[in-house]
Amino acid sequence: MSVRRVVPIAMRLSWLVLIALAIGEFVTDLPGPGWATTLLPALVVLALMVATMSLQARAAAPRGEPGPPVEVAPPVAGRWKALNSPADKVPSHGTHAYGQTYAIDIVAEPETAEGEAPGRPGAGPATRPAADPATRPQADPAPRPETAPVTRPAFRLFWPVVRRNRAFPAFGAPLLAVADATVVVASDGQRDHLSRNSLPALAYLMLAEAPVRSIVGAHRIIGNHVILDLGGGTYAVYAHLRRGSLRVRAGDRVRAGQGIGRVGNSGNTTEPHLHFHLMDGPDLDAARGVPFTWRGVGVPANGETFTVVEPEERGGQSTEEQAEEQAGRPTEQQAGRPVEGRAAGS
């Protein structure tokens with residue numbers, strides 16, 4: 001076992017020892033001076049934390065000049081906004097750890113009126129034109145389910161402190177395979193927590209929740225997730241998925257545009273969104289980031305919106321039909337019922 005793997009394990013064990021000693025100080029009178037039972041273990045834990053972060057940064061830091069971006073299909077359909085984009089800075093999330101040098105976050109931003117973005121009356125859209133007809137923005141994007149919210153709640157200073165996930169249009173949105181690939185990791189057992197999009201909740205996330213998740217490991221940072229092997233030494237990561245939403249398992253083969261799960265709010269997040277990035281290996285603790293570009297979209301900058309048509313509009317199955325087919329239920333087309341926008345039997 002390498003030093004890079006031994007140090008994080010030693011750090012977690014040291015945390016357990018430190019917590020046990022702290023509890024012991026309150027419950028009973030431990031033998032020996034206080035510095036030996038509390039201060040010294042705390043210094044050991046601090047040193048191991050620094051060593052762990054240093055080793056992670058060294059392992060994930062790019063070597064040499066970045067290669068050309070790998071072109072893949074967009075992982076979503078509909079209208080979305082980019083946040084923490086590598087189009088603006090690299091590393092996009094302030095760290096190379098977990099292979100996220102060129103990572104991007106996206107949130108759903110459905111239109112409320114023609115040419116008007118939600119929450120910004122009169123602002124007009126900032127939609128990036130698509131070069132590929134298969135992913136060209138449409139004037140009337142496919143509508144979300146009637147139960148889905150039509151606007152994304154804004155960040156609040158104090159109230160409401162938290163919001164339920166169903167208040168965000170991204171929550172439950174289908175996720176699509178970006179290429180023909182093999183599923184390497186598929187995990188969706190973590191809960192979807194409430195939003196952290198207020199000042200008190202954000203402070204709690206940064207000062208309390210995030211450090212604990214970092215100590216436990218990468219899987220608690222990215223939450224429920226899928227890792228796809230795209231071939232050629234390139235792997236795609238979908239993070240913060242909805243609990244119980246995965247339609248695939250490790251070892252499955254998927255095709256480009258196939259529904260694989262849904263957006264959630266698990267892991268180290270402030271609100272429901274998709275975190276996506278490419279990397280050069282399946283191990284989050286060892287992989288390095290790989291630049292990407294979405295076919296017909298490119299790499300949207302921070303705050304930029306982009307629209308991708310539903311797979312059904314491209315001439316294939318809709319994500320809902322794929323989900324029903326994978327669950328063993330007949331789709332509308334297979335059952336002989338007409339699908340909106342297409343004649344029965346077409």
Task: 5 angstrom amide H check on LEU175, placed H, neighbours 5+ away - done: ILE260, GLY261, ARG262, VAL263
Task: Solvent accessible area, Å² - LEU83, 1.4 Å probe, full protein context - done: 60
Task: Karplus-derived 3J(HN,Hα), 6.51/-1.76/1.60, for each residue of segment 277-283, Hz, glycine and proline x - done: 7, 10, 8, 9, x, x, 8
TODO: Please calculate the 1.4 Å probe accessible area of GLU209, with all protein chains present, and give it to the nearest 10 Å².
DONE: 20
Open item on the list: Please list 3J(HN,Hα) in residue order for segment 165-180, calculated via the Karplus relation 6.51 cos²θ - 1.76 cosθ + 1.60 where θ = phi - 60°; whole Hz, with x for glycine and proline.
Closed with: 4, 5, 6, 10, x, 6, 5, x, 5, x, 10, 10, 5, 7, 6, 5
Open item on the list: Could you report segment 158-223's accessible area per residue, 1.4 Å probe, as an integer in Å²?
Closed with: 45
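The values are calculated or read from the model by the stated rules, or taken from the named source; none is laboratory data. No experiment lies behind these values; they were computed from the predicted model shown. For accessibility, only protein heavy atoms count, side chains too; no ligands or nucleic acids. Shrake-Rupley method; radii C 1.70, N 1.55, O 1.52, S 1.80 Å.
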